[in-house]
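The values are calculated or read from the model by the stated rules, or taken from the named source; none is laboratory data. Treat the numbers as computed from the prediction; the structure is a model and nothing was measured. Heads up, the Cβs are rebuilt from the backbone with ideal geometry, glycines too, and the neighbour counts pull from every protein chain shown.
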Amino acid sequence: MILEYDSHPDESLYAVGGYILKTFYETGKYKWDVLALHKAFQKKYPSKIKIPFHLFILGLDWLYLLNLVEMEKGKVKVKLTA
């Protein structure tokens, strides 16, 4: 699950977390409601990867454990803005 080399490498938490961070940076918006972030994520990567909501949440959890995102007033906020 964390490293999914064989069958679906795009579904590893490393990859999902990277795609989530890329969504933050490419949109230029660093604070999102979770559902709005998921919708923007799906819009950004519609054909490349199909990530179900539960895996998206695990990706956010992974980023939280790495101290890259935080919750602020019910929204997800990225900590790295450079």
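For this structure, a couple of remarks:
- Note on the range 16-58: residues that are in contact with a Gly (Cβ under 9 Å, 6 or more places away or on another chain) and under 16 Å from residue 80 (Cα atoms) total 4.
- Of the numbered criteria (1) in a loop (DSSP other than H, G, I, E, B); (2) at pLDDT 90 or above, the one residue 5 fails is (2).
- Top-ranked residue in the range 30-45 [being touching a helix residue (DSSP H, G or I) at 6+ places or on another chain (Cβ under 8 Å) and of a type outside the set (Ser, Thr, Tyr); ranked as modelled with the lowest pLDDT]: 44
- Residues of the range 61-80 satisfying the condition of being charged (D, E, K, R) and in a strand (DSSP E or B): 70, 72, 75, 77
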